[in-house]
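First comes the structure, then the notes that go with it.
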Amino acid sequence: MLGSTLVRAPVVEGRAVTAALHLHAVGKSFGRVAALRAVTLAVDPGEYITILGPSGSGKSTLLRLIAGFDRPDTGRVEVLGQDLAGRSAHERGVGFVFQSFALFPHLSVFENLAFGLRYRRHAPVIDAAQVGREVDAALALVGLSGLGARSVAQISGGQKQRVALARCLVGKPRVVLLDEPLGALDANLRDQMALELTRIQRQLGGTFLHVTGNEQEALALGSRVAVLDQGALVQIDMPRRLFERPASSQVARLLNCFN
Ligand code: ADP
Ligand code: MG
C-alpha cells in the first residue's frame, strides 16, 4: 500500500526513473546523540517534499548530509543516481538555503550572487557578461529585478530571504535544500514567500526538499510530507493521508490532531 511504505520506486509511464535523491539507511551520531537513525527516503525528480519535525529531530543534520557538508556514519546518499560521497554540494547539483540566510552583509545583492559563480570549484570559469546574465535571471526569478546594486545591509528581511534563495538558484541546482526557509519571516511575509516557493519550484522544475517545524507549512507546501521524530523518519505520505491516518500517536501529536 502506497501510504504505508517509506520508499517508493518512482515510476513514470510504467518505467522506473532515477530518484532525484535517495537516502539508504542513513545514520549519524554526535557522541551519544543519535541525530539520524537509519533514514531511508526516495524523492522523485520535480517533487516538492517537506520534512516536518520538532527542534532537535535531525532536520538540519539530514540536509547537511545531502549537501555533503557532513558524512553519514552509516548508509549512503545518492543524488541523481550517483553515490557522491566526498564531493562538494555544487558538484552534486545541490543548492542550499540556510536558515540564517548566511549572506555577506558588506557586499551588494549582485556581488552576493556573483561570488558563488566566480569562485566555485570544479566548474569552468565564466566571463563577466555571463555572470551578469545569470545573476539577473536569478534575481528576476525571485522577484528582485533591479535590486542588484543595493547593499544587503539596506534590504528588508523578506528581501534577504529572496536573495538567499536567488544565490542558491544561480548555480542551477537540480536539488534545492531549504532549511526552515520561512522561519525568520513574520506571518504575512511567510504566506507570501510560501506561494513564491511553489511558483519558483514549478518554474524551475527542480526537486525541492524543505524542512520545517511548522505543520501548516509542511502540509500546505509538500506534495508529500516526511515526519521526522528523534532522528527517525516515522511516516511519509501525502498531506491529506497524514491527517486521516497518522501512523502513530507521535505523528498525530506532531500534526496537532489528537484523534
Ligand atoms: P533540527 O534541525 O531538527 O533542530 P539538528 O539536526 O540540528 O535538529 O540536531 C539533531 C540533534 O543532533 C540534536 O540533538 C543536536 O543537538 C545534535 N547535533 C546536531 N549537530 C551537532 C553537532 N555538530 N555536534 C553535536 N551535536 C549536534
Ligand atoms: Mg535545524
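Just so you know, all these numbers are worked out from the coordinates, no wet-lab data involved. Everything numeric in this text was worked out from a predicted model, so none of it was measured. Here Cβ is always computed from backbone atoms with ideal geometry, including for glycine, and neighbour counts include all displayed protein chains.
Might you report the magnitude of the Cβ-based charge dipole of the chain about its Cα centre, with Lys and Arg at +1 and Asp and Glu at -1, to the nearest 20 debye?
Details: 29 positive and 22 negative charges, 66 e Å.
Taking the Cα centre of the chain as origin, the dipole is about 320 debye.
If the reach is capped at under 19 angstrom between alpha carbons, list the aspartates and glutamates near residue 172, excluding any in the same chain fewer than eight residues apart.
Reachable aspartates and glutamates: 44, 47, 78, 91, 111, 127, 134, 136, 196.
List, in order, the whole-Hz ³J(HN,Hα) value for each residue of the stretch 216-231 obtained from phi through the Karplus relation with A = 6.51, B = -1.76, C = 1.60 and θ = phi - 60°; use x for Gly and Pro.
Here the 3J(HN,Hα) series is 5, 4, 4, 6, 6, 9, x, 6, 10, 10, 9, 9, 10, 9, 6, x Hz.
Rounded if a/c is under 1.5, else prolate if a/b is larger than b/c, else oblate: which is the stretch 145-218, with a ≥ b ≥ c the root eigenvalues of its Cα gyration tensor?
On the way: a/c = 1.90, a/b = 1.14, b/c = 1.66.
Judged from the Cα gyration tensor, the stretch 145-218 comes out oblate (a/c at least 1.5, b/c at or above a/b).
Quick one: if the Förster radius is 22 Å, what FRET efficiency do residue 195 and residue 223 give, using the C-beta to C-beta distance and rounding to 0.05?
Numbers: r = 15 Å, r/R0 = 0.69.
Efficiency, rounded to the nearest 0.05: 0.90.
So what J values fall out for the stretch 202-209 if you push phi through Karplus, 6.51 cos²θ - 1.76 cosθ + 1.60 with θ = phi - 60°, rounded to Hz, Gly and Pro as x?
Once rounded to whole Hz, the list reads 5, 4, 7, x, x, 9, 10, 10.
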